[in-house]
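Notes follow once the structure below has been shown.
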Amino acid sequence: MIREISENDFDGLMSLYMQLHDDPLPKKDGRVMAVWKNILNDINHHIIVAEENGVLVSSCVCVIVQNLTHEQRPYALIENVITDEKHRKKSFATACHNFAREIAVRENCYKIMLLTGSKSADTLRFYERAGFNRNDKTGFVMWL
């Protein structure tokens, strides 16, 4: 099942995120839970998940960014794409991306942008098969 995240999915999402970065699992303290609540209440912040047998196995974030150019049409940004290593190559991430694309179309976005830190040829081909290209824009990151 592909759906947007619900309040009860925090632990499952954080388990997935532990495979995304080398960051430690955050404590469920007031600060972390305040961020979680803000995300859940933000109409432009969509966390999409794939669930199999009651377990979250894949996810991506789709943020809609309001915009004053391109006829005031917003754009979408996809981040934090992850599939549990035991569930890869089963189209879960593709389904999450398709759901994100539906949100972007519904919100009248003129483009979707995605950055990846991966240098894996398989991962880059996955994004190209999903319709993203590496040629139109140049991405830069400034870590703060």
Seminar exercise, completed: Sole miss for Phe126 among (1) over 12 Å from the mean Cα position of the chain (by Cα); (2) surrounded by fewer than 16 Cβ atoms within 10 Å (Cβ to Cβ); (3) at pLDDT below 95; (4) not acidic (Asp, Glu) is condition (2)
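Quick one: is Val105 surrounded by fewer than 18 Cβ atoms within 10 Å (Cβ to Cβ) and within 20 Å of Arg3 (Cα to Cα)? Steps first, answer last, please.
Details: surrounded by fewer than 18 Cβ atoms within 10 Å (Cβ to Cβ): yes; within 20 Å of Arg3 (Cα to Cα): yes.
Yes; evaluated as a whole, the condition is true for this residue.
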For this session: Give me the pairs, please: first residue somewhere in the stretch 20-42 and outside any loop (DSSP other than H, G, I, E, B), second residue anywhere and modelled with pLDDT of 95 or more, beta-carbon distance under 7 Å, and either six or more positions apart or on two chains.
Result: Trp36/Phe10; Ile39/His45; Ile39/Ile47; Leu40/Glu7
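Has the stretch 123-131 got at least one residue that is closer than 19 Å to His70 by Cβ and basic (Lys, Arg)? Don't jump to the end; show me each part of the working.
Filtering the stretch 123-131 for residues closer than 19 Å to His70 by Cβ gives 131.
If we keep only those that are basic (Lys, Arg) as well, we get none.
The answer is no, given that none of the residues of the stretch 123-131 is closer than 19 Å to His70 by Cβ and basic (Lys, Arg).
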For this session: Quick one: Thr69 ticks every box in (1) under 25 Å from Leu124 (Cβ atoms); (2) surrounded by fewer than 17 Cβ atoms within 10 Å (Cβ to Cβ); (3) among the polar types (S, T, N, Q) except a single one, so which number is it?
Result: (1)
For this session: Restricting attention to the stretch 78-94, report how many residues are out of contact with any helix residue (DSSP H, G or I) (no Cβ under 8 Å at 6 or more places or on another chain) and surrounded by 18 or more Cβ atoms within 10 Å (Cβ to Cβ).
Result: 1
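Name every residue in the stretch 68-97 that is of a type in the set (Val, Ile, Thr) and more than 12 Å from the chain's Cα centre (by Cα), in order of residue number. Break it down into steps so the answer makes sense when it comes.
Filtering the stretch 68-97 for residues of a type in the set (Val, Ile, Thr) gives 69, 78, 81-83, 94.
Passing the criteria: only Thr69.
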Exercise. In the stretch 17-38, is there at least one residue being within 28 Å of Asp122 (Cα to Cα) and either of a type in the set (Ser, Thr, Tyr) or modelled with pLDDT of 95 or more (or both)?
Worked result: yes
For this session: Please specify each residue of the stretch 92-123 satisfying the condition of being at pLDDT 95 or above, assigned to a loop (DSSP other than H, G, I, E, B) and of a type in the set (S, T, N, Q).
Result: Asn108
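Can you report the number of residues in the stretch 1-19 which are among the aliphatic types (A, V, I, L, M), over 23 Å from Ser118 (Cα atoms) and assigned to a loop (DSSP other than H, G, I, E, B)? Outline the logic, then answer.
Of the stretch 1-19, the ones among the aliphatic types (A, V, I, L, M) are 1-2, 5, 13-14, 16, 18.
Add one more test, that the residue is over 23 Å from Ser118 (Cα atoms), and what stays is 1-2, 5.
Narrowing further to those that are assigned to a loop (DSSP other than H, G, I, E, B): 1, 5.
The total comes to 2.
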Exercise. Of the residues Ala50, Ala76, Ala93, which is over 18 Å from Asn133 (Cα atoms), among the aliphatic types (A, V, I, L, M) and touching a strand residue (DSSP E or B) at 6+ places or on another chain (Cβ under 8 Å)?
Worked result: Ala50
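Yes or no: Asn80 in contact (Cβ under 8 Å) with a residue 60 or more places away in the chain and at positive phi? Reasoning before the result, please.
Numbers: in contact (Cβ under 8 Å) with a residue 60 or more places away in the chain: yes; at positive phi: yes.
Judged against the criteria, Asn80 is a match.
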Exercise. Among the residues of the stretch 1-30 satisfying the criterion of being surrounded by 10 or more Cβ atoms within 10 Å (Cβ to Cβ) and of a type in the set (Lys, Arg), which is farthest from the chain's Cα centre (by Cα)?
Worked result: Lys28
Exercise. Can you find a residue in the stretch 43-60 that is exposed (fewer than 12 other Cβ atoms within 10 Å of the Cβ), out of contact with any Lys or Arg (no Cβ under 7 Å at 6 or more places or on another chain) and farther than 29 Å from Lys86 by Cβ?
Worked result: yes
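The values are calculated or read from the model by the stated rules, or taken from the named source; none is laboratory data. Please read these numbers as outputs of a predicted model, since none were measured by experiment. Here the Cβ is made from the backbone with ideal geometry for all residues, glycine too, and neighbour counts use every protein chain on show.
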